[in-house]
Amino acid sequence: MKREIQNVPFGYEPPAAERKGTLVFYDSFEHISDQELEQAAHTATERKFTKLVLYPLHEETVRRMSKEPVKAFYKREDRLHEWKREQGRSLVTVESLEGKRKKYTPLDSALRHISEVYPSPYFLYMTPETANQFASYSSFEEWIVKLRLILSAAPDYVHPRLEKFRHRWDIAGEEKKE
């Protein structure tokens, strides 16, 4: 095997990656409008994420989380694929794990899958209602130290655990305080 030798000037450091991390929009997508999808895509572009992953939930997962009726998974997933094609953005991906499993997928399993497949750091893009549900889970404190949340809007009510970790989330469209 032939080795190719490359010369670099002394002290050379490769440029830092301009884009990094994954923004995961975790939702049923039953009531999410194209404008809200566009807001998520804008947030991903503005904050220089490598990927925007749209993660639609299976109807069994939605039933266990919120008890609300939703359209069939494949209909909501098809709508997301159609929106992605219309946008023509290469950073958008529609995750199909729940469609493959065809059953309830706990949030822990979804987050483990995301961390295995997509580049870190991880940011979850959620509606305030979904974020409050996430905060009510016993595993919330374990996950909130590994990822950050971006809420689509300011919440009317903030779960006590979400308030405790206020420094780990912010609202899309607000100026980042760093």
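What's the lysine pair count for region 70-178 at a Cα cut-off below 30 Å, pairs eight or more apart or interchain?
Counting lysine pairs in region 70-178 gives 21.
Which one, 122, 104, 55, has the greatest fluctuation when you compute a Gaussian network model over the chain with C-alpha springs under 10 angstrom?
Between 122, 104, 55, it is 104 that shows the largest mean-square fluctuation.
Share of the chain's accessible area from carbon and sulfur, percent, 1.4 Å? Walk me through the numbers before you get to the answer.
Details: 5410 of 10930 Å².
Answer for the chain: carbon and sulfur cover 49 percent of the accessible area.
Using only Cα atoms and rounding to the nearest 10 degrees, what angle (0 to 90) does helix 73-87 make with the longest principal axis of the chain?
On a 0 to 90 degree scale, this one is about 40.
Do the sum for the chain: with -39,500 (n - 2.57) for every DSSP H run of n ≥ 4, divided by all residues, what is the mean residue ellipticity at 222 nm, to the nearest 500 deg cm²/dmol? Mind showing how you got there, number by number?
Details: 8 runs with 71 residues, N = 178.
That comes out to -11000 deg cm²/dmol.
With a 1.4 Å probe and every protein chain left in place, work out the accessible area per residue of the chain in Å², rounded to a whole number.
Computed with neighbouring chains in place, this is 61 Å² per residue.
So which aspartates and glutamates can residue 51 reach, going by Cα to Cα under 15 Å and dropping same-chain residues fewer than 8 places off?
18, 38, 95, 116
For the chain, modelled as a Gaussian network with Cα springs under 10 Å, which listed residue fluctuates most, 60, 13, 82?
Highest fluctuation of the listed residues: 13.
Which part of region 106-133 falls in the paramagnetic zone of residue 156, meaning amide N under 16 Å from the point 7 Å along Cα-to-beta-carbon?
127-133
Relative contact order for the chain: what is it in percent, counting Cα pairs under 8 Å that are at least 6 residues apart?
Reported as a whole number, the value is 22 percent.
The values are calculated or read from the model by the stated rules, or taken from the named source; none is laboratory data. Quick caveat: nothing in here was measured; it's all calculated off a predicted structure. When we count neighbours, we look across all protein chains shown, and the Cβ atoms used for this are built from the backbone with ideal geometry, even at glycine. Only protein heavy atoms, including side chains, enter the accessible area calculation; ligands, DNA and RNA are left aside. Shrake-Rupley method; radii C 1.70, N 1.55, O 1.52, S 1.80 Å.
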